[in-house]
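Undergrad: Supplied in C-alpha cells, the structure appears directly below.
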C-alpha cells in the first residue's frame, strides 16, 4: 500500500522483495483452475504447506532460512517469498477493527490502548474498501463497523444449515466480509468467476493481493523500481541516527548491495521487520534501530485458533451441482457475546466450511472409521473399512457431507511473548536469525474451551455427527500453536510513550523520524479480526503522513 | 557429472540462487540443467524451478520392486474395482500415484513395504505361497481378515493398519483422477456465476433464501458494473 500511495504522490520508490517475481495472470505461475490430477501428488501438502496448488512459495520451514524457539515455548512462522507474499494465498477475510478494539485496556485493564481510535482509522478503512473491494453487509454492529461493501454471494447449502442451527441457539450468522470482487471496482481487475480457489491467486485479479492490486498499479503509474530476490539485512543510518537506506543480499548473485533513501518504510511482516531493526545496530542505535525502549520484538501475538468438524446426515448422498462459490466462507459469525459475562477477556469470530469442493489429496481417506455413517435404505449402517463397489459408492455418498467450524480469537499481547536475534545462528545469506519465545496464557485457553463448547452446540443443533474428540485441558483445549493462524502482530507496537513503544501513532519510529513500519508490527492489540484490512488502512495513513511531512520539509 | 547427480546438486544449491557458486559446474552442465527445467512438460502447473527439479527426481526414482508393484495393482483393484459406472483403480492410474507418494512422503515407505511383506508371510504360512502366487480366492480370504477393522482379530492388526493405509491411498488416488472425479460427480472448477443453491435442492432440504438475503446478494446482471457508493455507503 505504501508503495502505491507514495508513488502516486510523485515520489520515486524502490520496492525490495525477498522472493521472486509473481503474477497470477501469467500462465507460467498459474495454479488456478487446475484439476487435481495435474499435480503428481494430487494437491497434497508435501511441498507447499497449504497444498500443491496454493500460491505461497515458502512455508513453515524454508531451506536455508531457519528460526529457533526457546525451550518450552512454541511459535511457527509462515513466510512466503514472492511478490505479494502471503497476500497471494490468504483467506481474504477483511474485517475492520471496531471502536472497542482500539481501547481494550480501558475495558478489561489488560494490555495497552492504541494511541489512535476508530475515528482516526475509519476514513482509511473507507478508502481501502473502495479501492480494493470487499463484499459484506451493513449490519449496524457496534464493534464490527459498516463499510463500503460489494454485494455478498448467496449462502451455500451447508451454510444455510449452519445459519438455521446457530439461530436455534441464538448465535448470529451474517454474510462474510471478503476482499473478493462480486462486482468490479475498476477497469484493471475482473469480477469473481466463482472457482473457490482464491488461495491459488486469481488470474483475473478478482481478489486482493498486494502484488496485483497495489505494486503493479504503482509500477504502471509511478516511478517504482522493483528489486526481487533482494533479502534486506539492515537499515543503514548516519551519524545523527537517521536512516539512509538499506543493505540487501541479492539472492541470485549472493552479493550485498545498498540502496539509499530519504525515507525507509518496512513492510516485511511483523517478525521480519523486527528482525531487520534488531539487526540494524549502530553507535547511535546499539540495541538495534528504534529499539532504545527494548520493545522491538516484544508483544508478539497471533490469533488463537481451534476447529471442529461433523458429518451432517442430511448432506449424505446429496444432489450434485457446481457449489464452488468464492474462495472461503459465504457466512460467518462475528463475536457476539459480552466479555464481562464470560470467563475470558477477549472475543473470537467463527468461520464455517464444507460443501462440494474440488476433490484433492485426502478425499476418500478415513473410511476405516467413517463408513459407518452411511446407511442403506433400511437404515442399516455400512461396515467400516472394506473394499469393492460398495466402498466406492459409499465414498461418493459421503462426499460433501462434512461441515466445520473454526474459531479465530484475540489473544492478549504480553511483553513475555517475543522474538529476538539468536546470538549464534545466521541464515544462508549470513543474516542473524530470529529466536521465538511464546506461550499461551489462561486467557487464551479459556477462550478455546469456550470455542469448543460453542462448536458442539452449533454442530449438535444441526444434527451433525461430531468427528474426533473434544480436546481437554491436557491439549490446551485444541489451541493451535502460536503462529499457526498466521496473524502475528505487535512486534514494533505504536504508542505515545517512547519508553514502551517503538512507533508513534503514524507508524513512525520514535527514535528515527525517517523510518516507518507499515506491516502488522505496529499493532497494539489484535482484535478478534483478521489483521489485513487494518494493515492496509494504517499503511495508507502512514503514507499520507510521509507525503505531508515531506511537503512540510520535516522529512 | 551424471544427470541425476546434476539434479541433486541443483536442488541442494537452490535453483537460480547462486546456483553454481563454489561448484565445479561447467557451462555445459548449466545448459543441461536449464534444459531439464524447461523440458518438464508432464507436470506444468505454476511450479517454481526448485519444485520442477524435485518432482523430476522423484519421478525418475523407483521405490516399489516389480513384485511389490504388482501387489499394489492387485490390492488397488480389489479396493476400487471396475463397475458399470467407471473403470478400476489401475485404469485410473492409481498405482503410479501410490509409487509417487512413497517418494514424496517417505514415512509411507516403511508402512507399505512392511505391510506387503507381512501379507506375503501370512500367505506363505497359510497357503505356502506368496500373495502373487495365491489363487484369487486365497487372496480374498486373507484380505477379508484385514479389510474390516471392527471385525478383525487382534493378531491381524498389522494387516488392518496396512490395509487402511492402502485403502486411503487407493481411494484418494482414484477420486482425484479424471475418471474418479467424473464418477464422484464433482461439477465445479468451471468459471461461471454462483446464484445460490438450485431451487429443487433447496426444496428437498426444506430451505429457502429469506427476502433480506435475496435483496442484498449479488445479481448476475450487476457483476461487471463497476461499483460506486453514495455518501451513506449504499451501493448505487
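The values are calculated or read from the model by the stated rules, or taken from the named source; none is laboratory data. These numbers come from a predicted model, not from an experiment. Positions of Cβ are backbone-derived with ideal geometry, glycine not excepted, and every protein chain shown enters the neighbour counts.
Undergrad: Restricting attention to region A:251-262, report how many residues are part of a strand (DSSP E or B) and within 20 Å of residue A:273 (Cβ to Cβ).
TA: We begin by selecting, within region A:251-262, every residue part of a strand (DSSP E or B); these are A:255-260.
Cutting the leftovers down to within 20 Å of residue A:273 (Cβ to Cβ) gives us A:256-260.
Qualifying residue count for the region: 5.
Undergrad: For the list (1) away from every other protein chain (no Cβ under 11 Å); (2) over 30 Å from residue A:11 (Cα atoms); (3) part of a loop (DSSP other than H, G, I, E, B), I need the number of the one condition that residue A:239 fails.
TA: (2) is the only condition that residue A:239 fails.
Undergrad: Of the residues A:24, A:40, which is out of contact with any strand residue (DSSP E or B) (no Cβ under 9 Å at 6 or more places or on another chain), without any contact (Cβ under 8 Å) to a residue 40 or more places away in the chain, crowded, with 18+ Cβ neighbours inside 10 Å and in a loop (DSSP other than H, G, I, E, B)?
TA: Within the list A:24, A:40, the selection yields A:40.
Undergrad: Restricting attention to region B:123-136, and to residues there that are part of a helix (DSSP H, G or I) and surrounded by fewer than 19 Cβ atoms within 10 Å (Cβ to Cβ), which single residue is nearest to the other protein chains (Cβ to nearest Cβ)? If you could, list the steps in order and put the result at the bottom.
TA: Of region B:123-136, the ones part of a helix (DSSP H, G or I) are B:123-127, B:131-133, B:136.
If we keep only those that are surrounded by fewer than 19 Cβ atoms within 10 Å (Cβ to Cβ) too, we end up with B:124-127, B:132-133, B:136.
On the way: B:124: 22, B:125: 22, B:126: 19, B:127: 20, B:132: 18, B:133: 21, B:136: 14 Å.
Among them, the one singled out is B:136.
Undergrad: Does residue A:347 satisfy the criteria of being more than 9 Å from every other protein chain (Cβ to nearest Cβ) and within 23 Å of residue B:174 (Cα to Cα)?
TA: No, not satisfied.
Yes or no, residue by residue, for (1) in contact (Cβ under 8 Å) with a residue 12 or more places away in the chain; (2) in a helix (DSSP H, G or I); (3) surrounded by fewer than 17 Cβ atoms within 10 Å (Cβ to Cβ):
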position	(1), (2), (3)
B:156	no, yes, no
B:168	no, yes, no
B:189	no, no, no
B:196	yes, no, no
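Undergrad: Name the residues in region A:348-361 that are surrounded by fewer than 23 Cβ atoms within 10 Å (Cβ to Cβ) and either outside any loop (DSSP other than H, G, I, E, B) or touching a helix residue (DSSP H, G or I) at 6+ places or on another chain (Cβ under 9 Å) (or both), would you?
TA: Scanning region A:348-361 gives A:351, A:353, A:355, A:358, A:360.
Undergrad: Sticking with this structure for a sec: Applying the selection to region B:203-214, what residues are in a loop (DSSP other than H, G, I, E, B) and more than 7 Å from chain A (Cβ to nearest Cβ)?
TA: B:206, B:208, B:210
Undergrad: With respect to residue B:70, is the statement that it is surrounded by fewer than 18 Cβ atoms within 10 Å (Cβ to Cβ) and either outside any helix (DSSP H, G or I) or at pLDDT 95 or above (or both) true?
TA: Yes: the conditions hold for residue B:70.
Undergrad: Output the number of residues of region A:16-38 satisfying the condition of being facing chain B (nearest Cβ under 7 Å) and in contact with a helix residue (DSSP H, G or I) (Cβ under 9 Å, 6 or more places away or on another chain).
TA: 7
Undergrad: Related question: Could you tell me which numbered condition residue A:288 fails, if it satisfies all but one of (1) more than 14 Å from chain B (Cβ to nearest Cβ); (2) within 30 Å of residue A:165 (Cα to Cα); (3) more than 18 Å from the chain's Cα centre (by Cα)?
TA: (2)
Undergrad: Oh, and also: Answer with yes or no whether residue B:200 is surrounded by fewer than 16 Cβ atoms within 10 Å (Cβ to Cβ), at pLDDT 95 or above, part of a helix (DSSP H, G or I) and under 35 Å from the mean Cα position of the chain (by Cα).
TA: yes
Here's the yes/no breakdown for (1) at the interface with chain B (Cβ under 10 Å from one of its Cβ atoms); (2) under 24 Å from residue A:400 (Cα atoms); (3) in contact (Cβ under 8 Å) with a residue 12 or more places away in the chain:
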{"residue": "A:140", "(1), (2), (3)": "no, no, no"}
{"residue": "A:144", "(1), (2), (3)": "no, no, yes"}
{"residue": "A:147", "(1), (2), (3)": "yes, no, yes"}
{"residue": "A:150", "(1), (2), (3)": "yes, no, yes"}
{"residue": "A:162", "(1), (2), (3)": "no, yes, yes"}
{"residue": "A:188", "(1), (2), (3)": "no, no, yes"}
{"residue": "A:218", "(1), (2), (3)": "no, no, yes"}
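Undergrad: Say we look at region A:313-344 and pick out the residues that are part of a helix (DSSP H, G or I) and in contact with a strand residue (DSSP E or B) (Cβ under 9 Å, 6 or more places away or on another chain); which of these is nearest to the other protein chains (Cβ to nearest Cβ)?
TA: The selected residue is A:315.
Undergrad: Return the only residue of A:134, A:128 being buried (at least 24 other Cβ atoms within 10 Å of the Cβ) and touching a strand residue (DSSP E or B) at 6+ places or on another chain (Cβ under 7 Å). Give the steps one after another, and end with the answer.
TA: On the way: A:128 fails: touching a strand residue (DSSP E or B) at 6+ places or on another chain (Cβ under 7 Å).
One residue alone meets the criteria, A:134.
The rows are residues; the columns are (1) without any contact (Cβ under 8 Å) to a residue 24 or more places away in the chain; (2) surrounded by fewer than 20 Cβ atoms within 10 Å (Cβ to Cβ).
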site	(1), (2)
A:377	yes, yes
A:397	no, yes
A:413	no, no
A:428	no, yes
A:432	no, yes
A:435	no, no
A:454	no, no
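Undergrad: Specify the residue that is farthest from the other protein chains (Cβ to nearest Cβ); the eligible residues are those in region A:164-186 that are surrounded by 21 or more Cβ atoms within 10 Å (Cβ to Cβ) and assigned to a helix (DSSP H, G or I).
TA: Residue satisfying both the conditions and the ranking: A:166.
Undergrad: Is it fair to say residue B:217 is on the phi < 0 side of the Ramachandran plot, more than 11 Å from every other protein chain (Cβ to nearest Cβ) and either under 31 Å from the mean Cα position of the chain (by Cα) or crowded, with 19+ Cβ neighbours inside 10 Å (or both)?
TA: Criteria not met by residue B:217.
Undergrad: Kindly evaluate residue A:95 against the criterion of being surrounded by fewer than 18 Cβ atoms within 10 Å (Cβ to Cβ) and assigned to a loop (DSSP other than H, G, I, E, B).
TA: no
Undergrad: Can you tell me how many residues within region A:121-141 are in contact with a helix residue (DSSP H, G or I) (Cβ under 7 Å, 6 or more places away or on another chain) and assigned to a loop (DSSP other than H, G, I, E, B)? Steps first, please.
TA: Quick first cut of region A:121-141, residues in contact with a helix residue (DSSP H, G or I) (Cβ under 7 Å, 6 or more places away or on another chain) only: A:121, A:124-125, A:127-128, A:132, A:137.
Applying the additional criterion that residues be assigned to a loop (DSSP other than H, G, I, E, B) yields A:137.
Number of matching residues: 1.
Undergrad: Looking only at residues in region A:43-56 that are facing another protein chain (nearest Cβ under 8 Å) and surrounded by fewer than 23 Cβ atoms within 10 Å (Cβ to Cβ), which one is farthest from residue B:55 (Cα to Cα)?
TA: A:44
Undergrad: Now for a different question. Where residues in region B:93-119 are free of Cβ contacts under 8 Å to residues at least 40 places away in the same chain and more than 14 Å from chain A (Cβ to nearest Cβ), which of them is surrounded by the fewest Cβ atoms within 10 Å (Cβ to Cβ)?
TA: Selected residue: B:110.
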